[in-house]
Structures are given as C-alpha cells and as structure tokens.
1. Quote the charge dipole size of the chain about the Cα centre in Debye, to the nearest 20; the model charges only the Cβ of Lys and Arg (+1) and of Asp and Glu (-1).
2. Would you please give the FRET efficiency between SER48 and THR121, computed as 1/(1 + (r/R0)^6) with r the Cβ-Cβ distance and R0 = 22 Å, to the nearest 0.05?
3. Among 115-121, 95-101, how do they line up from the highest to the lowest mean number of other beta-carbon atoms within 10 Å?
4. Quickly estimate the mean residue ellipticity at 222 nm for the chain, helices only: each DSSP H run with n ≥ 4 gives -39500 (n - 2.57), and the total goes over all residues, rounded to 500.
5. Among (1) 1.00; (2) 0.92; (3) 0.95, which one is Rg/Rh (Cα atoms, Kirkwood Rh) computed from these coordinates?
6. Take the solvent-accessible surface of the protein heavy atoms, probe 1.4 Å, and return the percent of it on segment 58-111 that carbon and sulfur atoms account for.
7. Per-residue counts of other Cβ atoms within 10 Å, averaged by peptide: what ranking do you get for 72-79, 59-66, 35-42, highest first?
8. At 1.4 Å probe size, with every protein chain present, just tell me what the per residue accessible area of the chain comes to in Å².
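The values are calculated or read from the model by the stated rules, or taken from the named source; none is laboratory data. A quick note: this is a predicted structure, and the numbers were derived from the prediction, not measured. Methodologically, a virtual Cβ is constructed for each residue, glycine included, from the backbone with ideal geometry; neighbour enumeration extends over all protein chains shown. In case anyone asks, the SASA skips ligands and DNA or RNA and just uses the protein heavy atoms, side chains included. Shrake-Rupley method; radii C 1.70, N 1.55, O 1.52, S 1.80 Å.
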Amino acid sequence: MDKNIDSKTLAIEIAKILDKKKAQDVRVLKVDSLTVLTDYFVIASGTSTTQVGSLADEVEYELSQSGIEPHTTEGFDSKNWVLLDYSSVIVHIFVPNTRTYYDLEHLWADGEPIDISEYLTPDNSL
C-alpha cells in the first residue's frame, strides 16, 4: 500500500482490515462536504471491549506496515469507543450499545454512504 494513498482508498482498506478481523456492521461514510475535519468516517462494531481493542490494534498494525500512522488515538483505556485519526479518514470502533447510543450514522446522515459490499465477506456487509 502506498503511503500517499487517497482518502477513499484508505477508508476502503481500513474497512477490509476490520472485516478480516470479524468486525460487525462496517460502514464507510463520505463526509468531506459536511466538515473540514476529515473526508471519510469508517464505523464498525466489535462484540466486546476486548474485540474493539483488537480491531483498533489490527488497523494500526496493518497500516503501520505501509508507513501510515494515526495522528491521534482515543479510547484505548475503556475500549467502548476507540477512535483512530488518520486525518483524511477517522475510524470509529464501538461496542454495540455505545454505537447505538452515539448513533454517528444518524448524526452524520447527510454524509454519503459508500457501498463497500464488494470488499467485505457476505456475512459482514449490509
């Protein structure tokens, strides 16, 4: 993977990493027209705080192999919601009840959902 990867390709690559590690309900949302903070959100759930931590660790590890490091990370203490900020892509990994509570998909409903079903295993795509 190229270190100078475009934001959409990076978001899809992150979704694929999460899917490979059995993340649930992986979504990519294009939000560049709504905020200057980032271009894409990648949102996923783990079944437990342990899996949330493992998913976040795997994204960091896989991308670091290509020289891509997050600018900041949040939530590794509680692992209810881990955020990885790759500048043009922000990754949100939740336990299910925290994801339901914050409901980012509804909060950012004006964003453009990206169809990633072709990149995910059939059981994990919606």
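1. Computed about the Cα centre, the dipole is about 260 debye.
2. So, using R0 = 22 Å, E works out to roughly 0.65.
3. 95-101, 115-121
4. When only DSSP H runs of four or more count, the value is -9500 deg cm²/dmol.
5. (2)
6. Roughly 46 percent, rounded to a whole number.
7. Order by mean packing, descending: 35-42, 59-66, 72-79.
8. 54
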